[in-house]
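In what follows, a structure is listed as C-alpha cells, so that the remarks can point back to it.
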Amino acid sequence: MALIEVSKVSKRFKTYDRKEGVWGGIQNLFRRNPREVRAVDDVSFTVDAGEMVGYIGANGAGKSTTIKMLTGILVPSSGSIRANGYVPYRDRHQYTRGIGVVFGQRTQLWWDIAVVESFQLLKRIYDVSDRDFEEQLEIFDAVLNLKPLLYTPVRKLSLGERMRCDLAAAFLHRPRIVFLDEPTIGLDVVAKENIRQFLKRINAELQVTVVLTTHDLSDIEELCRRVLIIDRGHLLFDGSLEGLRERFECKSQIVFELREPGQVDFGRLGFNSSVEFQQLDALRCQAVFDKKQVASAELIKSIVNSLAVRDVTLDDTTIEEIVREIYSRGEVVPS
Amino acid sequence: MRHLSILGYYFAQYIKVRLAYPGDFLISVFTSLAGTVASFGFLYILFHRVSSLQGWAFEELLFIYGFNLVCLGLFNVLSMNLYEFGERYIMEGRFDQIMLRPLHSLFQVIFEAFRIESFQEFATGLVVVVYVWHKLDLPLTPLDLVLFLLRPLHSLFQVIFEAFRIESFQEFATGLVVVVYVWHKLDLPLTPLDLVLFLLMTACGVTIYLSVFVMLSTLSFWFEDRVGVSPPVYNMIAFGRYPVTIYNVFIQFLLSWIIPFAFASFYPTTYFLQRHEFSSFFALVPLVAATFVLLALLLWSRGVRGYQSTGS
C-alpha cells in the first residue's frame, strides 16, 4: 500500500500587490489589491514505502508548497493528503514523530550553541532513548563524519558541515519518511557526494522513504529511480528517469573533425533523412540524430570508415536539457 | 504533561544560548534593574508631594505596584517571543520549523526564548508586596526589614549573577519559602487561604497578560505587515498599576472589559488590601483569566490553519 497518497491537491494563496514608491506605500495602507495565486493545482501522486523520489521544478513551480503540505505546515485548499496513516496538518503531533524534514535554506539547529546541544534537545522532544540516540549517532558518524563537529557552535560551521548536522538532526528519531527541500543547495562537489552517500545508505539500510526536491539534476540521476516534474503548479511528469528520456525526443549529436580541410559529401554515408548533417567549418562537421532510429555505433563506424577523421565526440541529451525543454514549453509533448 | 517536562530543557537550552554572549546578558540585566528602580523612584517622589491619591495611601499603591510587578515579571520572562512573533516567526519563516515538531506550536514559540533578566522584576515585586503587607499590619523593626529584603535578593543575585543555573532557582524558591516561614512565625496575619489566593491571583495575572499578547501575535498570521500593536498595548500595562478608580469611566471600562489589565493587577490586590467594595471584581478574576486564555488559544489555532509560510 502507498505510504503517501496525494489526491487532487491544490493550494491557493492570496497575495496583495503592492504599489511602489512612498506614495504607493501610503496607498497600500488603505487599499489592498488581492490576487489569487495557484501555487499547486490539482496534483495527484502516490509514493510507496522505501521509495526515493525526486521532485523537480523551476523556481516558483510549487515544489516547496507541495513539501510544506506533505509535512503538515500548510493546509491544502482542496484535495486530500494521507501520509504514514495520518492527515498531515490535522494529526500534526503524531505525524511529525514519524517524519524528518530538512530545508536546505534553513537550519533547525540552535544557532548560537554547540551542535550536540541541539541533538540533546531534539532527543527529548522526540523521546529518543539513550541507547537509540547513541546508536544513531554512530551510524551518522560513520557516513557523515559527525564527531568532530559536535562541539562547535552552529554559526561557526561551514554550509556543508551544517547540512551534515541538519541531516543527522532530521534522522535522529528514526523517521519513516524524510522530506528534503534542496538538501544540496550551495554545496561543493565533495559535500554533495557525502550527502548523497548518506541518503543512499539510509534509504537502503533503514528503509526510509525519501522525497527530495532539488535543482541539481545530478542528485536525481544518482539517487532517484523516479521523478516527479512540476511546473507552474501542475504535475507534468511522473515516472522513471528512463521513461523521461524515452518520452522526449532524445536527439543526440556527433561532432567530428576532419584530417584535412575540405567539403564533405554526406550523401555517401547513406543515412538519408534519419541523420541531419551539417558542416560547421572547414574542419568540423556535426551529425544530429535520434537514438531510437539510428544506433550511434553504426553512425560512428560509418563516419570513421568513409571519411578521414581525426576526432569524434558524442553528446547525449542530458536530463538537464530535457528538463530545460519542459520548463520552457510548459507542457509535456508526447513522443 | 510531556510538555511540562520538556519545558525545563527548553529553558536550559536558552540559558546556554544567552551564555554564549555573557556581556550582552549582563548589560540587559543591569538595564532591567535600572528600569525597576526608576519606576519605584517615581512613585516615591510622587508621594513625597501628595499624601494620598484619591483615597489610596502610598503603601496601598505600593502593594498594587508590587503585585503588578510579580505578574509582569513572570510575563516578561515568558513573552519575549510573543512580542517578536510576527517578525521572527512569520516573516522570517521560522514558524515552519515549529510546525514540524511534535509539540504544541504556541508552547514552542513561547519557550524558545526567555527574558531571563525579568526575574528581577518578579522578585522585586514580591519583596515590595511582602514589605507592604507587613507594614500595614504590624510595625517592623529595621532589622526585620533588612532580613526580609535580603533573603530573596540574595538568591536572586545568585540566579542572575553567579551561576545562571536552573538549580539556583531552587535556592530562589527556598528563599521565598523562608520569607513566608518567618512571616508566619512572627505571627503576621497571613492565613493559608491568603497564600493560596495570592498564588492563584499571580497565575491569573500572568495568564491574562500572556493571553492578550498571544491574541495580538496571532494578527501576524493574517497580516504580513509588521503590525505594531504590541508596544502601545504593552505600555497600557502601566495603567493597571494604579487603582482604576482614579481614571475616568472610559478608561475604567477599557481596562476592565476590553484589555483586562485591571484584572491582572488592581482587582486581585483589593482583597488583600481589604477593600471589600471590589470583592465582586476580585471573584471574577479567575473567570476573566480563563475566558481570555480560551479565546487566545482558539484564535491561535485558527491562525495556524491559515498560516501561509514564506517563499521557498
Next on the checklist: Looking at the range A:39-75 only, could you name the residues that are away from chain B (no Cβ under 14 Å) and open to solvent by 50 Å² or more (accessible area, probe 1.4 Å)?
Outcome noted: A:Asp42, A:Ser44, A:Thr46, A:Asp48, A:Ala49
Checklist entry - Between residues in the range B:258-283 that are within 15 Å of B:Arg241 (Cα to Cα) and residues that are among the polar types (S, T, N, Q) and assigned to a helix (DSSP H, G or I), which pairs lie under 6 Å by C-beta distance while being six or more apart or on different chains? => result B:Ala262/B:Ser256; B:Ser265/B:Asn68
Next on the checklist: Within the range A:224-335, considering only helices (runs of 4 or more DSSP H) that don't extend past its boundaries, which have at least 3 residues that are open to solvent by 80 Å² or more (accessible area, probe 1.4 Å) and modelled with pLDDT under 85?
Outcome noted: A:241-247, A:319-329
Item to check | Considering residues of the range A:1-32 that are in a strand (DSSP E or B) and within 14 Å of another protein chain (Cβ to nearest Cβ) only, the residue surrounded by the most Cβ atoms within 10 Å (Cβ to Cβ) | outcome: A:Lys11
Item to check | Residue, nearest to the other protein chains (Cβ to nearest Cβ), within the range B:1-42, restricted to residues that are open to solvent by less than 40 Å² (accessible area, probe 1.4 Å), touching a helix residue (DSSP H, G or I) at 6+ places or on another chain (Cβ under 6 Å) and more than 16 Å from B:Leu78 (Cα to Cα) | outcome: B:Phe25
Checklist outcome for this item: Going through (1) within 14 Å of chain A (Cβ to nearest Cβ); (2) under 30 Å from A:Tyr126 (Cα atoms) one by one, B:Leu78 fails only at (1)
Item to check | Enumeration of residues in the range A:86-97 that are more than 9 Å from chain B (Cβ to nearest Cβ) and open to solvent by 10 Å² or more (accessible area, probe 1.4 Å) | outcome: A:Tyr86, A:Val87, A:Arg90, A:Asp91
Checklist outcome for this item: When the range A:167-224 is checked residue by residue, the ones that are under 20 Å from A:Gly85 (Cα atoms) and among the aromatic types (Phe, Trp, Tyr) are A:Phe171, A:Phe179
Next on the checklist: Suppose we filter B:Leu61, B:Leu69, B:Leu78 for residues that are of a type in the set (A, V, I, L, M) and under 30 Å from A:Tyr151 (Cα atoms); which single one remains?
Outcome noted: B:Leu78
Checklist entry - What's the number of the condition A:Val101 fails, among (1) assigned to a helix (DSSP H, G or I); (2) of a type outside the set (Ser, Thr, Tyr); (3) under 22 Å from B:Ile6 (Cα atoms)? => result (1)
Item to check | Entirely in the range B:78-124, the helices (runs of 4 or more DSSP H) that have 2 or more residues that are touching a residue at least 12 places away in the same chain (Cβ under 8 Å) and in contact with an Asp or Glu (Cβ under 7 Å, 6 or more places away or on another chain) | outcome: none
Checklist entry - Which of the residues that make up the range B:254-302 are charged (D, E, K, R) and either buried (at least 20 other Cβ atoms within 10 Å of the Cβ) or in a helix (DSSP H, G or I) (or both)? => result B:Glu277, B:Arg302
Checklist outcome for this item: Note: among B:Ser280, B:Ser309, just one is of a type outside the set (Lys, Arg), over 19 Å from the mean Cα position of the chain (by Cα) and within 30 Å of B:Ala57 (Cβ to Cβ), namely B:Ser280
Item to check | the range B:86-105 - residue that is open to solvent by 10 Å² or more (accessible area, probe 1.4 Å) and of a type in the set (Asp, Glu) and, of those, farthest from the other protein chains (Cβ to nearest Cβ) | outcome: B:Glu87
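The values are calculated or read from the model by the stated rules, or taken from the named source; none is laboratory data. As the structure is a prediction and not an experimental result, all values here were calculated from the model. Every residue, glycine as well, gets a Cβ built from its backbone with ideal geometry; the counts of neighbours run over all protein chains shown. Only protein heavy atoms, including side chains, enter the accessible area calculation; ligands, DNA and RNA are left aside. Shrake-Rupley method; radii C 1.70, N 1.55, O 1.52, S 1.80 Å.
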